[in-house]
Amino acid sequence: MRKFRGRVLSHTSIQNAIVRVEEGRVKVEDLVKIRGDYYDFIGVIRKVFVGNPILNRYSPFLVTDPRAARGMEYTNAVVELLGILGGGKFEPFVPEPPTTSSEVVPLDRSDLDLIVSSENTIYLGYHKYSGWDIPLNPDFLYYHLWIGGITGCGKSHTVRILVDELARIGRRVLVFDHSGRDYVPYFEDKYLVISDTDIVLDPESVAQAIASRARFDKWLREYSDSATILYVLTGGETKMFERVLNSLSRENSSETPSVRNANLKSVVWSREKYLKILLKTAKRMGAKGATPLKLTFKILQNVPQDTFRRLNNRAYTYSDIIDLLLSRENCIIIDLSNEIMEIRRNIVAGILDELWRRIETKGEPVDTIVIIDEAQNYASEGCYPANYTIARTAREGRKWGLGLVLASQRWISDVSTDIRSNINSVMFSRLQVATDLQEIGNIVDVGGIELGILGAGDFFLAGLLSPFKRPVLLHTYKDPEERLKWRPTRN
Ligand SMILES: Nc1ncnc2c1ncn2[C@@H]1O[C@H](COP(=O)(O)OP(=O)(O)OP(=O)(O)O)[C@@H](O)[C@H]1O
Ligand SMILES: [Mg+2]
């Protein structure tokens, strides 16, 4: 850390202090300590100004000797006050302004240990100018985090470090890899990777898969939605059709067959059987005229046998995945890159719903962090049903140790309002849309930061996860080992 000294000038407040500093010694985002009588103030430099009374724009002097004029130059910096450090602990509020002429010095590395207790902390990067690793309290992830910024700024890279860090301290992590490229290649040797093609689909997803391949319009989808449920309940056997329909209409609900209780793994999907059930269903639903022919034609022409075959022999139900997560596998990566978008959303919703079912039946916390990169595909308005379950998790997850980490390029358009309003930490690099910063400011305190200083791999971390609860500038590690490699020489 560079050594520098400064003095507090007049006109301080509990938010900001103006300090006189040595020329060229301090940088924007340097962390500082202002010495007080009873406690020290912790702050961060948000702006640096150079002034000169002779070269002041209202000064009447004509400068004939520039070197002499430079002798009058001074440097002031604006320090945003983050809190106080007293009695061996940090409080993120400022009860009174620091007094003028107080001494300003760089923060000590050892002060950070007082600010975040070092038990079970995780590290995503170091403070850009001091080089200090910034300890983060992972419990704040249960209050949810959004990671954002323009393409290529390093969001997925940051998430990969986060996954390894959470695994290191033994936290449970469930990662949804939208493209199959951001996490699977990096983690397939380390953690359990489950492909979407290996997940037993719920009847709603199967219906969507078939209807979308068959290019059914919304009227024909009515038939395929019901037929798919009936296929599951009859096991695809037409001779069971009437019996299932009869029991469905019976009054006694305890005997009513339900897809929820069906053993989805044992259902064998076949195009011929499906078509038969579909036609029977359509007939019972009153389909007339050309409809049965249309259904037959579209299924036979547009949906290859293979689409049905691919639904068979899938190894994991949603419930199996959650069993594995809660019992043996601390970290599971779900590769979502193969199925169509609607099914990917159903899988995200299905797995999250299963976690909620466990919470409801057991009434115990699940202590899991759910990570969704490319969150615009799951968490924005219109991403039903994923956005509903994500919103519930954002709203109620904290009580049950269920935290969300969402990564996307844009804040407003990528994350729906009910999810955004429950996110308590934000980590952002350069933003594509200037107004996003103002909107982020409605959720967490973003103070007087300058986005212009951010390079690749630089992020401001703001909100609860930030040790200071205000924005702190982090440069993410090249890889998680970088923290350990650099530690002896950095301070
Ligand atoms: N701190 C870092 N050190 C070294 N390389 C980095 C760092 N941060 C990011 N990178 C590299 O920058 C490239 C882009 O990063 P990444 O894929 O994480 O971007 P992104 O923000 O997820 O972009 P997109 O929005 O397109 O998904 C990657 O090759 C990544 O490895
Ligand atoms: Mg990415």
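Pairing residues of the range 332-348 that are in contact (Cβ under 8 Å) with a residue 40 or more places away in the chain with residues that are basic (Lys, Arg) and part of a helix (DSSP H, G or I), at Cβ distances under 7 Å and at least 6 apart in sequence or on separate chains, gives Leu336/Arg344.
For the range 131-170: of the residues being among the polar types (S, T, N, Q) and surrounded by fewer than 21 Cβ atoms within 10 Å (Cβ to Cβ), which is farthest from ligand 1 (Cβ to nearest atom)? So that I can check it myself, show each step before the final result.
Taking the range 131-170 as the starting set, the residues that turn out to be among the polar types (S, T, N, Q) are 137, 151, 156, 158.
From what is left, the residues that are surrounded by fewer than 21 Cβ atoms within 10 Å (Cβ to Cβ) are 137, 151, 156.
On the way: Asn137: 22, Thr151: 4, Ser156: 3 Å.
So the residue we want is Asn137.
Across the range 56-87, the number of residues qualifying as within 26 Å of Ile45 (Cβ to Cβ), of a type outside the set (Gly, Ala, Ser) and surrounded by 10 or more Cβ atoms within 10 Å (Cβ to Cβ) comes to 14. Only residues that are touching a Phe, Trp or Tyr at 6+ places or on another chain (Cβ under 8 Å) and crowded, with 16+ Cβ neighbours inside 10 Å: list them for the range 7-26, please. Of everything in the range 7-26, those that are touching a Phe, Trp or Tyr at 6+ places or on another chain (Cβ under 8 Å) and crowded, with 16+ Cβ neighbours inside 10 Å turn out to be Ala17, Arg20, Val21, Arg25, Val26.
When each of Val104, Val116 is tested for being at pLDDT below 90 and surrounded by 15 or more Cβ atoms within 10 Å (Cβ to Cβ), the lone residue that passes is Val116. The residues in the range 174-195 that are within 16 Å of ligand 2 (Cβ to nearest atom) and either in a strand (DSSP E or B) or not assigned by TED's automatic domain parsing to the domain that holds Ser337 (or both) can be counted, and the count is 3.
Table: residues versus (1) within 30 Å of Val159 (Cβ to Cβ); (2) outside any helix (DSSP H, G or I).
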residue	(1), (2)
Thr197	yes, no
Arg213	no, no
Glu222	no, no
Ser226	no, no
Leu233	no, no
Phe241	no, no
Asn246	no, no
Ala262	no, yes
Glu272	no, no
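State whether the residues of the range 417-430 include one that is touching a Gly at 6+ places or on another chain (Cβ under 9 Å), within 16 Å of ligand 1 (Cβ to nearest atom), among the polar types (S, T, N, Q) and more than 25 Å from Ser205 (Cβ to Cβ). Yes.
Condition test on Ala394, is it of a type outside the set (D, E, K, R) and within 16 Å of ligand 1 (Cβ to nearest atom)? Against the criterion (of a type outside the set (D, E, K, R) and within 16 Å of ligand 1 (Cβ to nearest atom)), Ala394 does not qualify.
Residue pairs whose Cβ atoms lie under 7 Å apart, sitting 6 or more positions apart in sequence or on different chains, and linking a residue in the range 477-490 that is assigned by TED's automatic domain parsing to the domain that holds Phe459 and more than 10 Å from Asp133 (Cα to Cα) to a partner that is modelled with pLDDT under 80 and surrounded by 15 or more Cβ atoms within 10 Å (Cβ to Cβ), do not occur here. Residue count for the range 121-152 satisfying the condition of being among the polar types (S, T, N, Q), within 26 Å of Phe4 (Cβ to Cβ) and under 19 Å from the mean Cα position of the chain (by Cα): 0.
When only residues in the range 29-58 that are among the hydroxyl-bearing types (Ser, Thr, Tyr) and in contact (Cβ under 8 Å) with a residue 12 or more places away in the chain count, which is nearest to Phe93 (Cα to Cα)? Working first, answer last.
Here is the first cut: in the range 29-58, the residues among the hydroxyl-bearing types (Ser, Thr, Tyr) are 38-39, 58.
Pick out the ones that are also in contact (Cβ under 8 Å) with a residue 12 or more places away in the chain and you get 38-39.
Details: Tyr38: 15, Tyr39: 12 Å.
Taking the candidates together, the pick is Tyr39.
The values are calculated or read from the model by the stated rules, or taken from the named source; none is laboratory data. All values derive from a computational prediction rather than experimental measurement. Cβ coordinates were reconstructed from backbone atoms using ideal geometry, including for glycine residues, and neighbour counts include every protein chain displayed.
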